[in-house]
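Take a look at the structure set out below.
The values are calculated or read from the model by the stated rules, or taken from the named source; none is laboratory data. Quantities reported herein were computed from a predicted structural model and do not represent experimental measurements. Quick reminder, even Gly has a Cβ in these numbers, built from the backbone with ideal geometry, and neighbours come from all protein chains shown.
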Amino acid sequence: MIESIGPLVQAVGYATITALCLVIGAIIASYTAPSEYVRSLIQHVAAGFVFAAASVEVLPDVLSRHMPGAAAAGFACGVAVMLIIQAVATRLEKRSDGKGDAGWGFIAVVVVDLFVDGLLIGVTATAAEAESQQALLIAIALAVELLALGLSIGATFTENGVTRKRTIAVAVGVALAPIVGAVAGFLLAGALTGAWIEAVLAFAVAALLYLAAEELLKEAHEVAETTLSTALFFAGFLAVLLIDMIAAGG
C-alpha cells in the first residue's frame, strides 16, 4: 500500500511545484508586467528544458521497450491531441480579437493543456523505472514553462482591465489542472502494462516536443532572436542533461 502511495505523493508534489510557478508568474505580471524580450528569454530556457526532458529521459525509455507499433500509435495520438488543442485555441483567439475579451475561452484550452502536462508527470512518476528521474526532470521543464505561461496570463489580463485579485484567482484555478492531471496520470499508469505503457510514454514524447517547438519557441520567436536567447536555450538543455548525469552517477 505504501509503495503504491509513494509515486502518487511524488507526482502530486511535482505537479504542485509547477502549479506554484504559474501562480507566481501571474502575480509578478499583475504587479509589473515583464517585457516581451524577458518573456522570450524565459521561453527559450523552458524550451531547452522540455527538449532535454523528452530526449534525455522519456525517449530512451520508449526505445528500450522495443514495441514499435505501440510507440507509433501513442506518438500519433499525442500529435493529434496537441493539434486539436492548437486548432481550438486559434479559433478562440480569433473570436476574441478586438472584442475586449480577456481570453476566457483560451483559458479553457490552457486548462486542458495543463491537464495533459500533469498527466505526463503522473504517468512518468508511476511507470518509470525506480532509478529514473523522469518525473523530476519533466516537472522542472514544465515549471519553467508554467512560469512563462503565468507571466503571459497575468500580463494579458492586466492589459484587458481585469483586477489584480481576479487575475490571481484565475491563475490559482488554472494551476489546479496539472495537479488533477497528475492524479489521473497515476491512476492511468497503475492500470496499464506492457504496450499500453509504451504508448503512453510515446504520447508524452509527442506532447513535449510539440510544447517546445510549437508553443514555447514559436511564441518566443515573435521577438527578435539574440545571441543571449539562443545561448539560454542550449543552457537549459545542458542543465537537464547534467542533472540527469549527476543523479544517475549518485
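Computed values, structure above
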{"quantity": "Residues located in the range 149-165, provided they are hydrophobic (A, V, I, L, M, F, W, C) and over 23 Å from the mean Cα position of the chain (by Cα)", "calculated": "V162"}
{"quantity": "Residue count for the range 117-132, restricted to those that are acidic (D, E) and modelled with pLDDT of 70 or more", "calculated": "1"}
{"quantity": "Residue that is in a helix (DSSP H, G or I), at pLDDT 80 or above, touching a Pro at 6+ places or on another chain (Cβ under 7 Å) and among the hydrophobic types (A, V, I, L, M, F, W, C), where the choices are L59, L114, L63", "calculated": "L114"}
{"quantity": "Residue that is surrounded by the fewest Cβ atoms within 10 Å (Cβ to Cβ) [pool: residues in the range 28-46 that are aliphatic (A, V, I, L, M) and closer than 24 Å to A213 by Cβ]", "calculated": "V38"}
{"quantity": "In the range 155-171, the residues that are part of a helix (DSSP H, G or I) and either at pLDDT 85 or above or on the phi > 0 side of the Ramachandran plot (or both)", "calculated": "R164, K165, R166, T167, I168, A169, V170, A171"}
{"quantity": "Given (1) in a helix (DSSP H, G or I); (2) over 15 Å from L211 (Cα atoms); (3) not acidic (D, E), number of the condition C77 does not satisfy", "calculated": "(2)"}
{"quantity": "Boolean, G25 is in a helix (DSSP H, G or I) and surrounded by fewer than 16 Cβ atoms within 10 Å (Cβ to Cβ)", "calculated": "no"}
{"quantity": "L176 being modelled with pLDDT of 90 or more and either closer than 25 Å to I28 by Cβ or buried (at least 24 other Cβ atoms within 10 Å of the Cβ) (or both)", "calculated": "yes"}
{"quantity": "Residue within the range 54-72 that is more than 30 Å from T193 (Cβ to Cβ) and of a type outside the set (D, E, K, R) present", "calculated": "no"}
{"quantity": "Close pairs from the range 187-198: first touching a residue at least 60 places away in the same chain (Cβ under 8 Å), partner of a type in the set (G, A, S) and loosely packed, with under 15 Cβ neighbours inside 10 Å, Cβ under 8 Å, at least 6 apart", "calculated": "G190/S4; A195/G69"}
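Quick grid of which residues meet (1) more than 22 Å from P34 (Cβ to Cβ); (2) at pLDDT below 85; (3) touching a Pro at 6+ places or on another chain (Cβ under 7 Å); (4) of a type in the set (K, R):
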{"site": "L192", "(1), (2), (3), (4)": "yes, yes, no, no"}
{"site": "I197", "(1), (2), (3), (4)": "yes, yes, no, no"}
{"site": "V200", "(1), (2), (3), (4)": "yes, yes, no, no"}
{"site": "A206", "(1), (2), (3), (4)": "yes, no, no, no"}
{"site": "L209", "(1), (2), (3), (4)": "yes, no, no, no"}
{"site": "H221", "(1), (2), (3), (4)": "no, no, no, no"}
{"site": "T226", "(1), (2), (3), (4)": "no, no, no, no"}
{"site": "F233", "(1), (2), (3), (4)": "no, no, no, no"}
{"site": "V240", "(1), (2), (3), (4)": "yes, yes, no, no"}
